[in-house]
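Reading through the structure tokens given below for one structure.
Every number in this text was worked out from the coordinates using simple rules, so none of it is lab data. The shown structure was predicted, so the numbers you read here are calculated from the model rather than taken from an experiment. FYI the Cβ positions are ideal-geometry reconstructions off the backbone, even for glycines, and counts take in every protein chain you see.
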Amino acid sequence: MPAFIALLRAVNVGGTGKLPMSELIDMAKAAGFTQPRTYIASGNLVFDSPLAEAQVKATLERSLASYAGKPVSVMVRTAEEMAAVLAANPFPGRAPNHTVVVFLDGPTPKDWREGLEAPDGEEAAAGTRELYIHYGSGMARSRFKLPAAAGGTARNINTVTRLAAMAGE
């Protein structure tokens, strides 16, 4: 049975968008997904399902909307896709906690550079359905702007590495 990784957008430990990871696991089980497990409390879910990627996404988004009372975007990748995202990292020698992958819902737009502002030396590159960003000095004070990333959800390379490993187990 194929392994999937679901990356929830705008989910965090506190404040708006709060979702206990135990609730996310329960939703996955109720949807018929097997072996659901989470990684850190920021909306990362790894599970197995015989459904196609689009069906997995729709099922999770329906469950999350019912739970939250509003739409929650979910980016879904197969285990193989997540491994390929990691392998395609254009900044492999850089600090993994300063490099993020912004997962998009569809193909990276051809005009993804439009509106790009990197005043602190940040670097960006495009992938298949993701954008890679390296924040040389870290994200805390960065004034980096990339409008094409606005609808996506970001994970640092450490998290991507762990999710790829979990999905491959």
If the viscosity is 1.002 mPa s and the temperature 20 °C, what Stokes-Einstein diffusion coefficient in µm²/s follows for region 87-156 when Rh is the Kirkwood radius over Cα pairs?
178
For region 37-116, what is the relative contact order in percent, using Cα pairs closer than 8 Å and at least 6 residues apart in sequence?
18
In whole percent, what relative contact order does the chain give with Cα contacts below 8 Å and a gap of six or more residues?
24
How far apart, in nm, are two points set 7 Å out from the Cα along the Cα-to-Cβ line at A84 and at R143?
3.8
Under a Cβ-only charge scheme (Lys and Arg +1, Asp and Glu -1), can you give me the dipole magnitude of the chain about the Cα centre, in debye to the nearest 20?
320
Calc'd 3J(HN,Hα), region 127-135, phi into Karplus 6.51 cos²θ - 1.76 cosθ + 1.60 (θ = phi - 60°), Hz, glycine/Pro = x, comes to x, 5, 10, 7, 10, 10, 10, 10, 9
Alpha-carbon centroid distance for the pair region 35-60 / region 64-86, whole angstrom
7
Taking N as the residue count of the chain, its alpha carbon Rg divided by 2.2 N^0.38 Å gives 1.02
Along the charge dipole of the chain, which of Y135, W112, A88 sits closest to the positive end, that is, farthest toward it, with unit charges on the beta carbon of Lys, Arg, Asp and Glu (+1, +1, -1, -1)?
Y135
Enter the angle in degrees (range 0 to 90, nearest 10) between the Cα long axis of helix 53-68 and the first principal axis of the Cα atoms of the chain, meaning the one along which they spread out most.
80
Helix-derived [θ] at 222 nm for the chain: sum -39500 (n - 2.57) over DSSP H runs of at least 4, divide by residue count, nearest 500?
-8500 deg cm²/dmol
Give me the lysines in straight-line cross-link reach of K145: C-alpha distance below 26 Å, same-chain residues under 8 apart excluded.
K18, K110
Please rank T34, T99, T78, fewest neighbouring Cβ atoms within 10 Å first, as an exposure proxy.
T34, T78, T99
Pairs of alpha-carbon atoms within less than 8 angstrom and 6+ residues apart define the contacts here; what relative contact order does region 3-80 have, in percent?
41
Under 15 Å Cα-Cα from K70, which aspartates and glutamates qualify once same-chain neighbours fewer than 8 residues away are excluded?
E61
